[in-house]
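Student: Supplied in structure tokens, the structure appears directly below.
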């Protein structure tokens, strides 16, 4: 029972945290992501992304249920980050917390933040702080594209492990990759293939798009939605019995997630959109100048 409730509370850890797997099935549509390059002098050449889906100030509030039992809440938000090498950034954050009832036997406080280049969605760094019952871990990844290096730190039980390595192309973290998928024109039946960096390795991430438009009703309202199924696995994150989760996103330019669902071997959980905030789009958005 504890494990099931934990899975319920980690719906955004599932999107944000760890590794991804894919199949060898050919894709009917290619990913629309043009990977940037690093020149011989160390200059990063970024490929702009047209983003009409989200921007600074977006906040999505979710209630998490196991079957009909309230288990906790989660928040997904976007805010402006500090400039990095004279380029603007976005901070994409997810937080998941168990409620008071669950806290009594399995307290969960999870936090993930992706810092991405605002124009290209390329990852500048990824931080994760998980507290789940007696399990606690902190992971931090930073990227130095000019020197083609990444640094990964993992702290658990007071012990910190640091590893470094070579990175030859700019990459996306898994949370940034999910938000990037929101910028794409999703069509029924599509398969989107991306790459995500986690714990020193680049993993393929497969996103299957459902074959029809569905009407989804949640506390925040009734929405026309398209369903996606990202294939993801990993340590200390949600994993459905078949290795997949289902996310219903609005069938408009925002592709806002309104319902996250997964069946586990006993029952299922829903993360339902409770409320959301979307301020006016900033006038300096880079897509307007393309």
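Student: Name the strands (runs of 3 or more DSSP E) wholly inside the stretch 58-146 in which the number of residues that are within 30 Å of residue 164 (Cα to Cα) is 2 or more.
Tutor: By residue number, 69-84, 87-98, 108-117, 123-132, 135-144.
Student: Could you please let me know if residue 219 is in contact with a strand residue (DSSP E or B) (Cβ under 6 Å, 6 or more places away or on another chain), loosely packed, with under 15 Cβ neighbours inside 10 Å, under 30 Å from residue 256 (Cα atoms) and modelled with pLDDT of 95 or more?
Tutor: Here the answer is yes, as residue 219 does meet what is asked.
Student: When both residues are 6+ apart or on different chains and their Cβ atoms are under 9 Å apart, which pairs have a first residue that lies in the stretch 39-53 and is at positive phi and assigned to a loop (DSSP other than H, G, I, E, B), and a second that is surrounded by fewer than 17 Cβ atoms within 10 Å (Cβ to Cβ) and at pLDDT 65 or above?
Tutor: Short answer, once both residue conditions are applied: 42/146; 42/147; 42/148.
Student: Sticking with this structure for a sec: Looking at the stretch 149-157, can you tell me whether even one residue there is in contact (Cβ under 8 Å) with a residue 60 or more places away in the chain, in a loop (DSSP other than H, G, I, E, B) and more than 17 Å from residue 113 (Cβ to Cβ)?
Tutor: no
Student: I'd like to know if the stretch 158-171 contains one or more residues that are out of contact with any helix residue (DSSP H, G or I) (no Cβ under 7 Å at 6 or more places or on another chain), in a loop (DSSP other than H, G, I, E, B), in contact (Cβ under 8 Å) with a residue 40 or more places away in the chain and under 20 Å from residue 139 (Cα atoms).
Tutor: Yes - at least one qualifying residue is present in the stretch 158-171.
Student: Which members of the stretch 123-148 meet the condition of being closer than 16 Å to residue 196 by Cα and surrounded by 18 or more Cβ atoms within 10 Å (Cβ to Cβ)?
Tutor: 123, 124, 125, 126, 127, 128, 139, 141, 143, 145
Student: Give just the number: which of (1) surrounded by fewer than 19 Cβ atoms within 10 Å (Cβ to Cβ); (2) at pLDDT below 95; (3) more than 14 Å from the chain's Cα centre (by Cα) does residue 234 not satisfy?
Tutor: The number of the failed condition is (3).
Student: Run down 213, 207, 192 and say which single residue is touching a helix residue (DSSP H, G or I) at 6+ places or on another chain (Cβ under 7 Å), within 23 Å of residue 60 (Cβ to Cβ) and either surrounded by fewer than 14 Cβ atoms within 10 Å (Cβ to Cβ) or free of Cβ contacts under 8 Å to residues at least 40 places away in the same chain (or both).
Tutor: That would be 207, the only listed residue that is touching a helix residue (DSSP H, G or I) at 6+ places or on another chain (Cβ under 7 Å), within 23 Å of residue 60 (Cβ to Cβ) and either surrounded by fewer than 14 Cβ atoms within 10 Å (Cβ to Cβ) or free of Cβ contacts under 8 Å to residues at least 40 places away in the same chain (or both).
Student: Something else about it: Identify the residue in the stretch 44-78 that is exposed (fewer than 15 other Cβ atoms within 10 Å of the Cβ) and in contact with a strand residue (DSSP E or B) (Cβ under 8 Å, 6 or more places away or on another chain) and, among all such residues, is farthest from residue 275 (Cα to Cα).
Tutor: 45
Student: If you go through the stretch 172-200, how many residues are over 16 Å from residue 53 (Cβ atoms) and assigned to a strand (DSSP E or B)?
Tutor: Within the stretch 172-200, residues that are over 16 Å from residue 53 (Cβ atoms) and assigned to a strand (DSSP E or B) number 6.
The values are calculated or read from the model by the stated rules, or taken from the named source; none is laboratory data. Predicted, not measured: the structure shown is a model, and the values here were computed from it. Every residue, glycine as well, gets a Cβ built from its backbone with ideal geometry; the counts of neighbours run over all protein chains shown.
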